[in-house]
Amino acid sequence: MNWTTQNCEDETYSHKFNDVVRIISEWFEAHGGVADKDVLEFGCGEATVALGLALQKKPQRLVGVEILDVVFKCADYARKNMGLETLPNNLELYKIEPGQRLTDLGTFDFIYTWSVFEHVRRDTLQAAFRSIAEVLRPGGVVFLQISPLFYSRDGSHLAPWINQPWGHLSMEHDVFKETLWDAPATPEALRKAWSVYIPLDADQEIERQKLWETYVTLNKITAPQLERAATDAGLQIIRDYRTKNDDAIPLDIAEIYDEDTLRTEQIVWLLTHKEPAS
């Protein structure tokens, strides 16, 4: 099975396949590493990270689940970006329904999710955590990353087009939308980064509408709220890493929102089953 990312011109694809894979695997190393293990990716998108882990870290089985049809693009992207003609036998990809239980897929030593839980609808959030908890084997570990959190400086996910820190919290909704539509044409490199969800040949109106749909469906979850949801599902945090922004917070924003909520841009957690009460 021949492949290489040395000639890959898509920086986002290369970042996911190499850098994100490295980060996730490093977090799992203290718990035995993913080699020969059963691994699940919750919300795999086009499965670039799943493919990278399957090829580079050699899990026994890597299962990726996604609610969007983009999951079926994995093979096409792999062929285009790294010359891989056939997906590896240890990789399985499935489209699922929001809130669907995962028990039919088996149980797993490791589960990971990268920049997904800010997109999970609130009314399915608890079900998502429970579905993860019930397929995590005893002693297993969950890696969870979110960036950017909604109330952080660039939490709208639209910062490349709307260059106003915390603008999504200070502008009226219609003004914020108008600002997106009036933004300069998207640079080619940025369009490639979004190409999984927006075809590169889409006109600007379609592109802006897709970006807006991404923004308005963010669940606005905060770190404490997410922790409560995980805890209620029977999980506990065993490692907690956060990145924060130290920019000056506009006064009209600081008067309304908690400072830590405004500054926390990223959370990275390891979780496992809660220990039984003594």
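The values are calculated or read from the model by the stated rules, or taken from the named source; none is laboratory data. For clarity, every value in this text was computed on a predicted model and none was experimentally measured. For neighbour counting, all protein chains shown are included, and Cβ atoms are generated from backbone atoms with ideal geometry for every residue, glycine included. What goes into the accessible areas is simple: the full protein's heavy atoms, side chains included, and nothing from ligands, DNA or RNA. Shrake-Rupley method; radii C 1.70, N 1.55, O 1.52, S 1.80 Å.
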Checklist outcome for this item: Over the stretch 138-181, the set of residues free of Cβ contacts under 8 Å to residues at least 24 places away in the same chain and outside any helix (DSSP H, G or I) is Ala159, Ile162, Asn163, Gln164, Met171, Glu172
Next on the checklist: Can you tell me which condition Ala185 does not meet? The list is (1) over 29 Å from Ala128 (Cβ atoms); (2) modelled with pLDDT of 95 or more; (3) among the hydrophobic types (A, V, I, L, M, F, W, C), and all the others hold.
Outcome noted: (2)
Item to check | Among the residues listed as Asp36, Asp69, the single one being touching a residue at least 24 places away in the same chain (Cβ under 8 Å), open to solvent by 80 Å² or more (accessible area, probe 1.4 Å) and either closer than 20 Å to Gly140 by Cα or touching a His at 6+ places or on another chain (Cβ under 6 Å) (or both) | outcome: Asp36
Checklist entry - In the stretch 215-254, what count of residues is obtained for those that are touching a helix residue (DSSP H, G or I) at 6+ places or on another chain (Cβ under 7 Å), more than 27 Å from Ala30 (Cα to Cα) and β-branched (Val, Ile, Thr)? => result 3
Item to check | Among residues of the stretch 123-175, those that are aliphatic (A, V, I, L, M) and within 30 Å of Gly234 (Cβ to Cβ), counted | outcome: 12
Checklist outcome for this item: Ile221 fails exactly one of (1) open to solvent by 50 Å² or more (accessible area, probe 1.4 Å); (2) part of a loop (DSSP other than H, G, I, E, B); (3) among the β-branched types (Val, Ile, Thr), namely (1)
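Would it be correct to say that Ala159 is touching a helix residue (DSSP H, G or I) at 6+ places or on another chain (Cβ under 6 Å), closer than 30 Å to Glu41 by Cα and either among the hydroxyl-bearing types (Ser, Thr, Tyr) or surrounded by 14 or more Cβ atoms within 10 Å (Cβ to Cβ) (or both)?
On the way: touching a helix residue (DSSP H, G or I) at 6+ places or on another chain (Cβ under 6 Å): no; closer than 30 Å to Glu41 by Cα: yes; either among the hydroxyl-bearing types (Ser, Thr, Tyr) or surrounded by 14 or more Cβ atoms within 10 Å (Cβ to Cβ) (or both): yes.
Criteria not met by Ala159.
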Item to check | Unmet requirement for Pro98, which otherwise passes all of (1) touching a helix residue (DSSP H, G or I) at 6+ places or on another chain (Cβ under 6 Å); (2) part of a strand (DSSP E or B); (3) open to solvent by 30 Å² or more (accessible area, probe 1.4 Å) | outcome: (2)
